[in-house]
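Just so it is clear, none of the values below were taken in a lab; they were calculated from the coordinates. Note that the structure is a prediction, hence the values are computed from the model and not measured. Glycine gets a Cβ as well: all are built from the backbone with ideal geometry, and neighbour counts include every protein chain shown.
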């Protein structure tokens with residue numbers, strides 16, 4: 001199973017554009033068949049095409065479900081529950097999943113008060129979580145070692161396959177509340193651990209103004 005999961009991990013990044021923010025196990029299977037046929041062929045070679053009468057307990061679809069469930073346990077995707085399946089799946093319902101990058105953090109009570117008074121706060125939370133931006137930032141930083149830009153935590157105490165889950169993307173230099181559209185790249189983003197990210201947004205909420213990462217570090221009294 002670990003070998004097959006590793007094979008699917010090699011394809012995961014390339015398949016995400018075909019999944020969208022929310023997808024089903026069926027969608028994932030179709031994306032794999034069409035865009036990584038060599039990986040799909042490997043599953044079929046080992047377990048057969050699956051379906052009624054195959055005579056095998058496991059099928060390629062079982063493997064895909066187990067793979068996605070493993071990613072959900074590691075907080076890389078979110079399990080959204082059952083939805084009606086498409087024709088020909090063999091069961092009336094199928095699991096729906098959501099890419100974790102596309103989900104904004106839970107809004108605290110303090111943030112809700114800030115949203116009521118300043119609409120731009122809601123805009124920042126939603127737009128910052130554009131699907132794929134966090135993924136690209138992690139990829140850009142990986143060669144130098146992942147660490148929080150405020151507290152410098154690396155998550156070295158965590159298993160390698162868990163470490164990336166502690167980091168979030170944060171728009172640093174200019175809040176999204178600034179009028180007008182603009183192109184955003186990973187160079188505009190800070191990489192923060194979940195704790196510092198929440199603290200920074202709490203600071204913004206309390207002070208009623210934007211704080212860049214360097215200034216926030218001083219407020220938190222981190223000596224780097």
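Between residue 82 and residue 207, the contour length at 0.36 nm per residue exceeds the Cα-Cα span by 40.8 nm.
Here the residues 172, 221, 9, 188, ranked from fewest to most Cβ neighbours within 10 Å of their Cβ, fall in the order 221, 9, 188, 172. Packing here is the average count of other Cβ atoms within 10 Å per residue, and on that basis the peptides 193-205, 62-74, highest first, run 193-205, 62-74. Sorting the segments 85-96, 38-49 by their mean number of nearby beta carbons within 10 angstrom, highest to lowest, gives 38-49, 85-96.
Annotation: the range 2-101 has a Kirkwood hydrodynamic radius of 13.8 angstrom, from the mean reciprocal C-alpha pair distance.
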